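Accompanying notes for the structure given below.
The values are calculated or read from the model by the stated rules, or taken from the named source; none is laboratory data. Remember, predicted model here, so these are calculated numbers, not experimental data. Note: ideal-geometry Cβ built from the backbone for every residue, glycine included; neighbour counts use all protein chains shown. The protein model used for the area step is the full one, side chains on, heavy atoms only, and it has no ligands, DNA or RNA in it. Shrake-Rupley method; radii C 1.70, N 1.55, O 1.52, S 1.80 Å.
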Amino acid sequence: MQGGLEGKCAVVTGAARGIGAAVAKRLVSEGAEVLLTDIDIRQGQLTAAAIGKGASFAQVDAADAASVSASIEDLVGRTGRIDILVNNAGIPGGALFDEVTLEFWDRVLRVNLDSVFFGCKAAIPHMLRQGAGAIVNLGSISGLGGDHMNSAYNAAKAGVINFTRSLAMDYARAGIRINAICPGPVRTEINARPLAIPSVVDAWLEAIPLGRLAEPEEIAGLVAFLVSDDASFIVGAAIPIDGGMTAGAGQPDFARLLRELRQPSQ
Ligand SMILES: NC(=O)c1ccc[n+]([C@@H]2O[C@H](COP(=O)([O-])OP(=O)(O)OC[C@H]3O[C@@H](n4cnc5c(N)ncnc54)[C@H](O)[C@@H]3O)[C@@H](O)[C@H]2O)c1
């Protein structure tokens, strides 16, 4: 798709790789000028260079309020505006609860939740001045329900979702649309450890009705839609994009069991 975001200025956090990189690429392909930010300077520069015209990179720690604010002020100083903010930076938070220290908990909430607060704090005054803006926050299906061994991440992503709803209500009449998306498992580095364990991959494939993980580009498509004028009536939503994973109630696949029962015995 081309051209839907012509003239728009965007910031995507955590954009060096994975979902953020795919989102940045997609927004540029639709005509936006995108500032990619990330702590990973080397990969961030490579990704921005690979996207080419319309993409630039700044090293920013999304967990540091001053650094986030400086990057947004810099973009607005250069371009005069910020139309789109995608709060995407995140880290995994899986650990047995007996091993979750306060330091670990603070870090997971800082990078996954406080970062969204910092981004919104910095961007919204400019969007208010413009009378328009669109923000997409990366929630997760792990913010819609609990996972085993994921207490800090579950808390952070649930926080992102309800924070999104609250801000969306506050700013809808000012022309700022704020939404969250809730991906299921996506084939990115954040999942490097579970993806290396065949039994975990099998369990995911079993649990996802579509029978596969998402690719980052599929998540980018939803973000591009949500920041476009086609999504003009979508406000405060938390949209699952999970191959059907959260559509189920956790029951066994009775159709498969029935097929197995009906198979003639060897
Ligand atoms: N991949 C999935 O299965 C999945 C599912 C649901 C939600 N999400 C969320 O999507 C977002 C992107 O995840 P991903 O799968 O692309 O992961 P990823 O690990 O591939 O990419 C995350 C990016 O964020 C950057 N980052 C980490 N800490 C940062 C910080 N403090 N400041 C700036 N940048 C930082 C990393 O350097 C990396 O480039 C995260 O918020 C994640 O929680 C991912």
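Most tightly packed first, judged by the mean number of other beta-carbon atoms within 10 Å of their residues, the peptides 200-209, 14-23 read 14-23, 200-209. Of ASN162, ALA220, VAL201, which is farthest towards the positive pole of segment 9-262's charge dipole, taken about the Cα centre with +1 and -1 on the beta-carbons of Lys, Arg and Asp, Glu respectively? Positive-end residue among those listed: ALA220.
Between segment 215-266 and segment 37-105, what is the C-alpha centre distance in whole Å? Segment 215-266 and segment 37-105 have Cα centres spaced 28 Å from each other. Considering all different alpha carbon pairs of segment 9-262, the Kirkwood hydrodynamic radius works out to 18.7 Å. Rounded to the nearest whole Hz, the Karplus-based 3J(HN,Hα) values (6.51 cos²θ - 1.76 cosθ + 1.60, θ = phi - 60°) of segment 82-87 follow the sequence 9, 9, 9, 10, 10, 7, with x at glycine and proline.
Relative to the longest principal axis of the C-alpha atoms of the chain, give the angle of the C-alpha long axis of helix 216-227, reported between 0 and 90° and rounded to the nearest 10°. Compared with the principal axis, the helix lies near 50 degrees. Each helix, a run of at least 4 DSSP H residues, gives -39500 (n - 2.57); summed and divided by the residues of the chain, these come to -13500 deg cm²/dmol at 222 nm. Between GLU215 and ASP40, the simple label model (points 7 Å from Cα in the Cβ direction) yields a spacing of 1.9 nm. Simple point charges give the picture: +1 on the Cβ of Lys and Arg, -1 on the Cβ of Asp and Glu, and for segment 120-214 a dipole about the Cα centre of about 440 debye. Taking every C-alpha pair closer than 8 Å and separated by at least 6 residues, the mean separation divided by the residue count of the chain gives a relative contact order of 17 percent. Note that segment 231-244 has calculated 3J(HN,Hα) couplings of 9, 4, 10, 9, 9, x, 7, 10, 9, x, 9, 9, x, x Hz, one per residue in order, obtained from phi through the Karplus relation 6.51 cos²θ - 1.76 cosθ + 1.60 (θ = phi - 60°); glycine and proline are x. For segment 129-266, the carbon plus sulfur part of the accessible surface works out to 56%, probe radius 1.4 Å. Computed over segment 189-235, the Cα gyration tensor eigenvalues convert (square root of 5λ each) into semi-axes of 30, 12, 7 Å, ordered from largest to smallest.
Evaluate E = 1/(1 + (r/R0)^6) for GLN59 and MET149, where r is the Cβ-Cβ distance and R0 equals 35 Å; express this FRET efficiency to the nearest 0.05. With a Förster radius of 35 Å, E is 0.65.
Over segment 71-202, Cα pairs under 8 Å with separation of 6+ residues give a relative contact order of 27 percent.
Given the peptides 73-86, 232-245, arrange them by the average over their residues of other C-beta atoms within 10 Å, most packed first.
Values: 73-86: 19.1, 232-245: 16.9.
Sorting 73-86, 232-245 by mean packing, highest first, produces 73-86, 232-245.
Packing, as the average of other Cβ atoms within 10 Å across residues, places the peptides 253-259, 185-191 in the order 185-191, 253-259, highest first. Count Lys and Arg as plus one, Asp and Glu as minus one, and take only other residues whose Cβ is under 13 Å from that of VAL160; the net charge is then +2.
Taking Lys and Arg as +1 and Asp and Glu as -1, the other residues whose beta-carbon sits under 15 Å from that of ILE19 total -2. Charge dipole of the chain (Cα centre as origin; +1 on each Lys and Arg Cβ, -1 on each Asp and Glu Cβ, all else neutral): 440 debye, rounded to the nearest 20. Among TYR171, TYR153, the sequence by solvent-accessible area, most first, with a 1.4 Å probe is TYR171, TYR153.
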